[in-house]
Every structure is written in C-alpha cells, then in structure tokens.
C-alpha cells in the first residue's frame, strides 16, 4: 500500500554515516540569519522553533519507528506543565534545569504509557494514544488548583539565562536560546537515526514479523524510542512554557496532536529535516492566512493539506528529492 | 434507589442512540471500505444544517426534514466519494487521515461562511416536547423518540445486512473483495452505495442531535473523537459492535455523571482505554 | 471694539487649528474570530464597528485604524503572540477585545512592559484587572451577576435552599462562588455544587439535572457558556418537568443570551436571571442602539451583551482620543479611562478608578412570552454594582 512514510532510502545514506552533507547547513544558516534579516519576526521564529523540536520528536517515532499516535501533545503538555509548575509553585526559575525537568517528566510519562500501549498497533493504537492524552488532560483539569485549569497557569517567572539574557519584548534572547536547544536535540536525533538502533527501528516499521523472527527485542526498542521522543517533546513543551510564561490545557489538546502530525507529513516523514520544513511552512502559513482572513483561514490550511496528500505524497522534502533525482538523471 | 437506576438506564440509552446513529455510518465505511474518514462529522453536521434550513426557511415539518436530509446528504456524499475519496482507497491510513482532516477544516470554514458562526437550534413539534407518562414514571418525550429511532434503525440495518441479497453481497465484499469480484459482484458500485448510506445515516443523526447539543460549524471536529471511540470500541464494520459500544459508553458515561459529576469526561475515555487494552480489535471486530 | 475682539479670537482659533495634526489612532483587536467562540468575536466586532461608524465625525480630524487578529485557540499563547506583534510591529496605541480569560491573562505582562492600554471587552474572571495597571475592563466580572442573583434569590424570591450547577472551568467556579456568597449572605443555604462537564462539547445535562431533581432544592442556579450549552440547559430543564417539581431555574444572563433566546422556545419561559444587558431594555439609549444595529446588520440580527461590550469599549477609546486630542500616551489614556463615565445602552456605566473594572447596573430579568416571541421583562435592578470579589477580598481578588 502506497505510503506517506516511504522508506527514507534517499535520506539515510546522507545521514547514515553521521557525516554531514553540505546541504544540511542550509536550514541552520536560515534559522541563524533570522535575527539579523528579520528582527521583527522573532516571536514567530520562536513558535517555529518550538514546533520544529516537537515535530522532530514525532518524526523519530512516526517516521522511523512507524508508530502512529494522536496523543503526542500529552507529552508536550507534560513538559510544559512540569516547567511551568516548577517556576510558579516551587519558585525554581532557572531555565536550563527547567528544561531538563520538563524532559524528564515527559520521559517518565512516555515510558509508562509506551510500555502499555506499544503492544498495539493500527486503529487501536491510534485511539489508545488519543484517549490516554485526553485522560491526562482531564487529570490536569481536575488538578486545576495546581495547573490553573482552563484559565491557565500564572506566575511563571523565568530567570534570565546565565543571569544575563532575559525574555524581552522582541524575543531575541529566547530565539537564540531555542535555536541552541534545537541544535542539541537535533544532534541527538541524528545520532540515534544513524546508529544500528535507528536502523532496527526502520526494520520494525517495515517488517515487524521479520524483526521478531530474527530475535530483535521489538517491544523494548519501541518503548526506548518512544521514551526518547517523549523527552524531546517534553523539552519542546518546557521551552513553550518558558517563552510564553503561560500554560493552559490546550498544550495537551487533540488539536495540537493533530497539528504536529500534519507538520511531520507536510515536510516529509522519516527525514528529520522534514520537521524543519513542515513546521516552518505550517506555522507561517497559519500566521499569514489568519492575518488575511481572521474568520476563514482554516479553509486555506485545509486546502494545503488536501493538496499535499493528493500531489505531494511524501511531503515537500519528498518532492525536493524527486527533483534532485530528476535533475541528476538529466545531467549526462 | 431503583428510580435512580431506571433514570440512569433510560438517559444513558437515549444518549447512546445519538452516538450510535451518527457513528454507525462511520463504522460501516471504515470497516467495509477500509477507509478512515475523519470527515464523517461533516456529513452529520450537514444533516443538521439541512434540517435547520428546511424547518426555518421552508417550514418543513421535523419528521419530514429528517428523511429528506438523509437523501440529500446521502446523494452529496456519492459525489464526494466518486471525486475525492475513490483515489484514496489504495493509500495509507495516514494519507486518508490527513486528507479527510483537511476536508473538515475546509468544511468548517465553508459552513461558517454560509450560515455564520452563531449556534442554531430548532423548535421540535409539540408532541415531542415535555414528558410522557409510561406508567412507572415519566420520561422526556424527545428522548423516547430517539430511542425508538435508534432501535428502528438497527433493526432496519440488521434486516438489510442479514436478510437481503444486497446485504449478502456487501458482507461478501468485506470478507474477501477479490473473491466477490470474481463472482461478478460490482464491488465499486456497492462501495459507493454503502458510503452514501453511511453519510445519510450520519445526516439523520446530526439532525436529531440539534435538539440535544445544538449546532455550530465546529460540530464536525468537536464531536469527532466521540464517534471514533464508538467505532473503535465496537469494532470496524460491525453494526452490532457500534450499537453495543454506544450503549456501553452512553450508559456508563451517564451513570458516571450522575454518581460523580466532578469526574467529567473521565468515564468515557477510561472505558475506551480499558476496552481497547482488552480487545484492541473492538467488541465485534475482526482480529488481524 | 467687539468686532476687533471677535477677529482676534477668530485668528487665534485658526492658528491653533492649523497647528493640530490629524492623528491615525491604531487599535489592535485580539478576539476569537474563528473556531470556538467565533460568534462572540463577530458580535464584539459588530458592536465596535457600529460605534465607530456612528461617531467617527466626533474625533475629527483624527481617525481610527483597526487591526484585527484572531486568537485562534483558547490557549492564551496565540493571543500573546498577536499582542506582541501588534505592539512591536504594528505599534498600536491601544489593544482591545479579549474574549476568553486566558487571552487577557497571558497578555497582561506584555502590556505592562510596553505601557499599552488594554481594554477588555469580555473576559470575565474577577481578578483580571489586577494583573496589570494598563488593563481597563468595560465588560463585566462574573461576580456582579452571580452575587446579585444570590441576594435576589434569597431575599426577594424567598428561596431557602439552592443547588448550583456549573460548567467546570474558571468562569463557572467564579459564578458559583459569587452566587453562594450572595445567597448565603441573605440567609439561603447552598446544598450542593455540581460540575457539569467542560465548555467545549455540550454534555448530556440529563444526569446532572436528574440528580438535582431528586434532591428537590427550591432553586437551581446554573451557569454555562452562552450558546449551545444554554439552549440545552433550558430544554433539559423543561423535558424533566422541573418547574412542575417546584425547582426554579435561575442564573446569570449567560444562560439566556439574546442571540439564542428565541430558539430556546417555551422551555425558557419563567426563567429568572441577572445580567447587565438585554436587547429588550426600554430606554431611549437602548432603543436607538438596537435600531441602529438592525439597520446595519439586518432585521433578523440582534445585539447581545457581547455586542454592547464592543460598542462601549470603542466609546471608551473614543473618549480618550477626544480628551487627549489624539496623543495616546499609555499612562494618560489610563487616567482618562479611570474617570470615564458613559450613558451606555445598558444604562449608566463607569470605570472604577481604584480597580479599573467596570461599574454598572445589574438587572433582574424574567423571561416572558409576548405573543409569539420571548421577551425579557425587567423585574428588579441594583444600581452601580462594583465587582464584589475585590470588594470582599475573596481569594485571589484580595491579593
């Protein structure tokens, strides 16, 4: 059955050797240039970075391990609430350790839920992840005295990073902060994907029966990558909480889970850099469309989604790969 | 005590009927066509808007508006199916999920454009208002009506699927498509028909739901999770599965709200997780 | 001699007028224009656009430029981003709108930092104005209607016991607390408080209402969001025959919104609610307002509390423009707003200079049938109500 998650055969050789291809510098150069070229757009830039990080975490489990989940926002939200409550209730305002705590909390939730849920697949897994995420959201609402419930968690006041770089109105410091965190997370993701462990995930995705047959510990591997992805999603959530100094129940919501799924497929699943393109396009598209028509912008987003599925099955990076392959063939 | 139990049972049954009527179409299309149609809520919503428009603009009586909505939305879904869904049958579930979610977004914006963002309601006929005395106690008339429609529907569907040639053909196509085709059954035509019926049923459910939960353009996405749960817990492609799942979820949700209101949505989702952990293919689903 | 005097004055006036430049005052509106709450954004927009249309000559030669931003999801983050851009990129003079409380709450630190006035046209959580000295609220506090309803139910309607049913989120909890305080202050007793699901999907209210029916209180105070929830409440109440069982349905006016009232049908007749506005008010200001509204938006449309809040919000901004001659310095605008009084369609309103929250009349509405349509009949009134949460220093309001 034709799939939006094709074996990233073209991508793996480039990333597989842990040696950097020259084209990989491009997205980083673009991201690094934004504070100089578009200094008024750094708030939007922060949104893009958080979404890239979140989408990266989903790509690890969706694009590489083939786990389809509609509840990934639960992990993002756990990280967000962990970082938020750490500051608001415990008065611990140091940002970097805040992110570590966020990642750890999300990893814990990911480990426990993954251990139970990853024995299932298909529609059952989809619904289980969705229902679990909603249950977590309900829990957060029940604990409203701690989480702030629907109205949100107030009182988050993050200290300046290293005592110097505060969260200013133009978001300059936090953009750079987010970019560094993204880079670090990306290095980890890249390492995993290029390793034998990462290869075995692709194997599980492609032919799980065979993996069982050769004695690979399928469930253990899946739980491992799910936990790592959960930690990454939690860090993204923590970053979100620190940038906005505000967390509501929406951070665990079904709509966010859907959005990050869209981002990964839009950019191209199983390609890591697909998360960059998908996140940038989705966030910027939504932003521009909402300015154009505050009432009907959803139509535009839906249209892009439909068009992507109909004409760009492997996402935009897939198109890019086809294009380079086609150009390559044309050269003598 | 007994009175409370009877209340809960009755209320839960009525709520379950709404879930069933809307979700059964989704179960049929997902099971028979192997197609993940997250835009199913749009058909339900369209039925709601059709009903409201007919009653307000043309003063069509409620009981006539529902079957008309069935036909209109059913016919419209044929167009949808032929043009937009048929190319996706061979694609992966993820593709189908994303494409249909895209449709939902477009539909919400479109309905907002034509009907405005305001919630809309209807005035049901006098004989469906108030309470009906059934001897031991009184029951709200509209909910009795819904229970009647729900039971009538499952009976009709069962008859068609188990007792008619058409139903036999559909079941054959589900069990083994190639074999059915080799026997000369026009599978494509069957699928279109099934899809139309599924969409029409959703429309009726949507029309019935207006009185209970109102109507707004975001209906399609707001209640989507509930329909998916009924289908997943019941098992794909099973009418009885959808019925039992709706009953289970409806009654437990209602009982939970009566006994522990602060629990909120907890019960429905907890039951879903429990049911799927035990029987991931659903109550009446096929194990693969 | 007099001619010379007049000439001198005339020349002086011309010289002064020539010195004044026409300013374009930028207003950033952040509200829900799509998705959940889109109908509220639409009503608020209709309200402020109506005021602007009717009164734009009053601020001549200055003009007003409005930049609309959708706050998309009720998570506060989108609103905060929009506010950040409106302040830094669009350089707005004033911010307004804010339908959901999280949107206002998350944006408060930004307006404090940038010293940009923020006029809240809806968000009703009681302690929001405390979050920044640049916030002024022209809409309402959940406490105003809840507390007054509580007092009225005990003192005038003579109810002894009540059960509270609310949608389980902060405005509901605010409203419940307010009603309880008012009701118990006048000798009533709240027997139970029942959370009834969340604000997104409309739950089946029957099990909650059944529980109340079994408990047989004198009154059932309900708060749910306006719209589909409110309609479902009225219908469930009627379907269970609760009025015949002797249980009075009361609440804040959110449960009888003007926009949906006719749809709620017979079920709504007999309800008593307390609110700050109804389109049926029989005052010259309101009659003119409703007439202008219907002329602008169609005979079938009706203003509601959201619409009048948008209208009054724009009136507040206009008064600042007039007083400051278009020089919208943040601190000066707040000074003007703090002493602002207005003859609104809802009656006389003012901003409390100490709390920057709205002071307005609260009216007791009874829903009656007037021929074929439902109508609001005003059976009681409390003048110039201040937010009781802050007055009584309850919880967060007291900090």
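Read-outs: derived from the displayed coordinates by stated rules, not from any lab. These numbers come from a predicted model, not from an experiment. Don't worry about glycine lacking a Cβ; one is built from the backbone with ideal geometry, like all the others, and counts go over all protein chains shown.
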Express in whole angstrom the spacing between the alpha-carbon centres of the range A:97-166 and the range C:242-295.
42
Under the Debye formula (equal points on every Cα, no solvent term), log10 I(q)/I(0) of the range A:108-177 at q = 0.19, 0.24, 0.26 Å⁻¹
-0.85, -0.96, -1.04
Along its principal axes, what span do the Cα atoms of chain B show, with the longest given first and each in whole Å?
57, 47, 36
Looking at the range C:57-213 from every direction and averaging, what is the projected area of its Cα convex hull in nm²?
12.2
Sum -39500 (n - 2.57) across every DSSP H segment of at least 4 residues in chain A, then divide by the residue count to get the 222 nm mean residue ellipticity, nearest 500.
-23000 deg cm²/dmol
For the protein assembly as shown, how big is the tail of P(r) above 60 Å, as a whole percent of Cα pairs?
9
Using alpha-carbon pairs under 8 Å, 6+ residues apart, how would you state the relative contact order of the range B:78-179 in percent?
9
Mean residue ellipticity at 222 nm from the helices of chain C, using -39,500 (n - 2.57) per DSSP H segment of n ≥ 4 over the full residue count, to the nearest 500 deg cm²/dmol?
-13000 deg cm²/dmol
Against the longest principal axis of chain C, how steep is helix C:170-185, in degrees 0 to 90 to the nearest 10, with axes from Cα atoms?
70
Exposure proxy check on C:66, A:214: fewest-to-most Cβ neighbours within 10 Å is A:214, C:66
State the three equivalent ellipsoid semi-axes of the range C:263-348, derived from the C-alpha gyration tensor as the square roots of 5 times its eigenvalues, in descending order and whole Å.
31, 15, 11
Within chain B, helix-based [θ] at 222 nm, where runs of 4 or more DSSP H residues each add -39,500 (n - 2.57), nearest 500
-24500 deg cm²/dmol
Does anyone have the angle between helix C:284-297 and the longest principal axis of chain C? Alpha-carbon axes, 0 to 90°, nearest 10?
80
With viscosity set to 0.890 mPa s at 25 °C, what whole-number translational diffusion coefficient in µm²/s follows for the range C:121-170 from Stokes-Einstein and a Kirkwood radius over Cα pairs?
189
Translational diffusion of the range C:247-399, µm² s⁻¹ [Kirkwood Rh, Cα pairs; Stokes-Einstein; 37 °C; 0.692 mPa s]:
192
Each residue of B:254-264 has, on average, a number of other protein chain C-beta atoms within 10 Å of its C-beta equal to 6
If one puts a single equal scatterer on every Cα of chain C and applies the Debye formula without solvent, what log₁₀ I(q)/I(0) results at q = 0.06, 0.10, 0.14, 0.15 Å⁻¹?
-0.25, -0.65, -1.20, -1.36
Across peptide B:272-279, what mean number of C-beta atoms from other chains lies inside 10 Å of a residue's C-beta?
5
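Within a 10 angstrom radius of each residue's Cβ in B:222-231, how many Cβ atoms of other chains show up on average? Whole number is fine.
Mean number of neighbouring Cβ atoms from other chains: 3.
Pairs of Cα atoms under 8 Å, at least six residues apart: use those to get the relative contact order of the range C:209-336, whole percent. Let's see the in-between values first.
Values: 134 pairs, mean separation 24.7, N = 128.
It rounds to 19 percent for the range C:209-336.
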Cut-off is 10 Å between beta-carbons; in what order do A:322, B:95 appear when sorted fewest neighbours first?
A:322, B:95
Any idea how far the Cα center of the range C:78-147 sits from the one of the range C:300-370, in Å?
15
Helix C:142-155 versus the longest principal axis of chain C: what angle, 0 to 90°, nearest 10, using Cα atoms?
40
Sequence-separation-based contact order of the range A:91-177, relative, with Cα cut under 8 Å and 6+ spacing, percent
29
With equal scatterers on the alpha carbons only and no solvent term, can you work out the Debye log10 of I(q)/I(0) for the range C:205-284 at 0.16, 0.27 1/Å?
-0.55, -1.43
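In the calculated pair distance distribution of the range C:329-392, what percentage of Cα-Cα distances lie above 20 Å?
The share of Cα pairs beyond 20 Å in the range C:329-392 comes to 46 percent.
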Give me the distance in nm between label points sitting 7 Å out from Cα along the Cα-to-Cβ direction at residue A:214 and residue A:180, one decimal.
4.1
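How do B:143, A:205, A:190 rank when sorted from fewest to most other Cβ atoms within 10 Å of their own Cβ?
By the 10 Å Cβ count, ascending, the order reads A:190, A:205, B:143.
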Please list, short to long, the whole-number percent of alpha-carbon pairs of the range A:182-268 in consecutive 5 angstrom bins beginning at zero.
3, 11, 16, 21, 19, 14, 9, 5, 2, 1
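For residue B:286 and residue B:82, FRET efficiency with R0 = 41 Å and r from the beta-carbon atoms, rounded to 0.05?
The computed FRET efficiency comes out at 0.90.
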Pairs of Cα atoms farther than 37 Å apart, chain A, %
14
Only Cα pairs within less than 10 Å get springs; with that Gaussian network setup on chain B, which residue of B:144, B:83, B:228 has the largest fluctuation?
B:83
